[in-house]
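I'd like to ask some things about the structure below.
Bear in mind these aren't lab numbers, they're just calculated from the coordinates by the rules spelled out. All of these numbers come straight from a predicted model, not from anything done at the bench. Here the Cβ is made from the backbone with ideal geometry for all residues, glycine too, and neighbour counts use every protein chain on show.
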Amino acid sequence: MTTTIRIDIATLPDHLDRSRLNSVAASIEDALKEAGVRADCSDLFSHLKIDLPTAQLAAASAVLVDLQLI
């Protein structure tokens, strides 16, 4: 099973550059991979989309909390 997490661009922390969302998505994906989470993060028009195995949702959530995204 796959879980999709969507993060509204308007809610991104101020320290992230909203004009370079592809870079932000790549940084998030890298952080997840470093934590052992196989994820695909992409920049969509109004939000960032993170697809990951449902079994890794808890680990991904911990990384996203550390990144101040949730």
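Of all residues in the stretch 41-56, count the ones that are hydrophobic (A, V, I, L, M, F, W, C) and surrounded by fewer than 14 Cβ atoms within 10 Å (Cβ to Cβ). Explain how you work it out, then say what you get.
Filtering the stretch 41-56 for residues hydrophobic (A, V, I, L, M, F, W, C) gives 41, 44-45, 48, 50, 52, 55.
Right, trim to surrounded by fewer than 14 Cβ atoms within 10 Å (Cβ to Cβ) and you get 44-45, 55.
Result for the stretch 41-56: 3.
Among the strands (runs of 3 or more DSSP E) lying completely within the stretch 1-58, list those that include at least 1 residues that are in contact with a helix residue (DSSP H, G or I) (Cβ under 7 Å, 6 or more places away or on another chain) and in contact (Cβ under 8 Å) with a residue 24 or more places away in the chain. Can you show your working first?
Working: elements: 2-8, 40-43, 47-53.
Result: 2-8, 47-53.
Those residues that are touching a strand residue (DSSP E or B) at 6+ places or on another chain (Cβ under 7 Å) and more than 11 Å from T3 (Cα to Cα), I need them from the stretch 47-61; list them, please.
Within the stretch 47-61, the first condition is being touching a strand residue (DSSP E or B) at 6+ places or on another chain (Cβ under 7 Å), and the residues that meet it are 47-54, 57, 60.
Hits for the stretch 47-61 are H47, L48.
Just a yes or no: is a residue in the stretch 62-70 under 15 Å from I5 (Cα atoms), in contact with a helix residue (DSSP H, G or I) (Cβ under 9 Å, 6 or more places away or on another chain) and in a helix (DSSP H, G or I)? Break it down stepwise before answering.
Restricting attention to the stretch 62-70, the residues satisfying the condition of being under 15 Å from I5 (Cα atoms) are 62-65, 67-70.
From what is left, the residues that are in contact with a helix residue (DSSP H, G or I) (Cβ under 9 Å, 6 or more places away or on another chain) are 63-64, 67, 69-70.
Still in the list and also in a helix (DSSP H, G or I): 63-64.
Checking the stretch 62-70: at least one residue is under 15 Å from I5 (Cα atoms), in contact with a helix residue (DSSP H, G or I) (Cβ under 9 Å, 6 or more places away or on another chain) and in a helix (DSSP H, G or I).
Report, by residue number, each residue of the stretch 1-15 that is closer than 13 Å to L69 by Cα and under 12 Å from the mean Cα position of the chain (by Cα). Talk me through it step by step, then tell me what you get.
Initially, the stretch 1-15 is screened for residues closer than 13 Å to L69 by Cα, giving 5-15.
Matches in the stretch 1-15: I5, R6, I7, D8, I9, L12.
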